Amino acid sequence: MTPTEYEYLRKFLKDNSGLDLSADKQYLIESRLLPLARKTGLSGIAELVQKLQAGSRTLITDVVEAMTTNETFFFRDKVPFDHFRDHIMPEIIKARANRRSVRIWCAAGSTGQEPYSLAMCLKEMGAALTGWRIEIIATDLSQEVLEKARAGVYSQFEVQRGLPIQMLVKYFKQTGETWQINPELRAMIQHRQLNLLHDFAQLGTFDVIFCRNVLIYFDQDTKINIFNRLARQIEPDGFLVLGAAETVVGLTDTFRPIPERRGLYKPNDPRTAAAKPVLAAAAPRMAAAMAGQ
């Protein structure tokens, strides 16, 4: 791969997915895109770049999906789900007692383990949510992972990662060497394709937004833009949940951290919150280590 081809692909990926690769990630692109080039009958990276420059829509989608990390597992990092069960939902249940409905958005929901983990948490609350209308929207850039999420079929290895055995027995059916989550939980989730760089106002407003382990791949300007748009899609008393390596601090005043609850944020009053200016010296490019959602 020539330096010119690498720079073209860096810009292409940033413009189409937000992925912000540093100058030393050439090996990463080669390891992900050379197999794709061969699979599609191309001679290598050079011909792949030529096809992208010619505007091949199918190849554009394939390249973005090849470079997107879909690392995820049930109840990943545990703490956010403890917050959801012990802090978020008790407050939501109290605040929405008259409305008796809750809307939750899992941004970058990948192959479905995160939204299904939330669905299991909600089912475990039992009578507290009887008669409530529950809506979980799970979005991702990749159509391929959304199809897997919709099917809700997981390997033995996947269900052993983070999923308590009692929940496996309670909410899954085994077929051969795979496990499928039961129809009732699958019906709780709507899976939609969405690029976070694009407008998501059509999704409506949410009581809870999980946006974990995806913003780490974006540069500072992109993060600020997404945070400010997320603030417009969340209820004034709602909750934003970020990954352990992500924060709004130093980027925007549209959200504030909740003390002693790592990764949990509340929206600020939009009349007083304002995005902080980005200083050129404080806007380093994030080297995408590809340990995503």
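Backbone phi angles across region 164-172, fed through the Karplus curve with coefficients 6.51, -1.76 and 1.60 (θ = phi - 60°), yield HN-Hα couplings of x, 4, 5, 6, 4, 5, 7, 10, 10 Hz in residue order; Gly and Pro are listed as x.
Highest GNM mean-square fluctuation among SER17, SER43, SER117, for the chain modelled with Cα contacts below 10 Å: SER43. The angle separating the long axis of helix 113-124 from the principal Cα axis of greatest extent in the chain is about 0 degrees.
Listed by chain and number, the lysines placed with their C-alpha closer than 21 angstrom to that of LYS78 are LYS123, LYS170, LYS266; residues fewer than eight positions away on the same chain are left out. Of all lysines in the structure, those lying under 16 Å Cα to Cα from LYS39, and not within fewer than 8 positions of it along the same chain, are LYS51. For the chain, what D do you get in µm² per second when you plug the Kirkwood radius from alpha-carbon pairs into Stokes-Einstein at 4 °C and 1.567 mPa s? Estimated diffusion coefficient is 64 µm²/s. Converting phi to 3J(HN,Hα) with the Karplus coefficients 6.51, -1.76 and 1.60 and the offset θ = phi - 60°, region 150-163 yields 4, 5, x, 9, 9, 6, 4, 4, 5, 6, 7, 8, x, 8 Hz in sequence order, with x at every glycine or proline. Net length available on complete extension from GLU177 to ALA128 is 14.1 nm, with 0.36 nm assigned per residue and the Cα-Cα distance removed. For the chain, the per residue solvent-accessible surface stands at 47 Å², with DNA, RNA and ligands left out and a 1.4 Å probe. Projected onto their three principal axes, the Cα atoms of region 1-111 cover extents of 60, 26, 23 Å, largest first. In the elastic network of the chain, a GNM with C-alpha springs shorter than 10 Å, the most mobile of ARG261, ARG103, ARG192 is ARG261.
The values are calculated or read from the model by the stated rules, or taken from the named source; none is laboratory data. Everything numeric in this text was worked out from a predicted model, so none of it was measured. Surface areas here come from the heavy atoms of the whole protein model, side chains and all, with no ligands, DNA or RNA. Shrake-Rupley method; radii C 1.70, N 1.55, O 1.52, S 1.80 Å.
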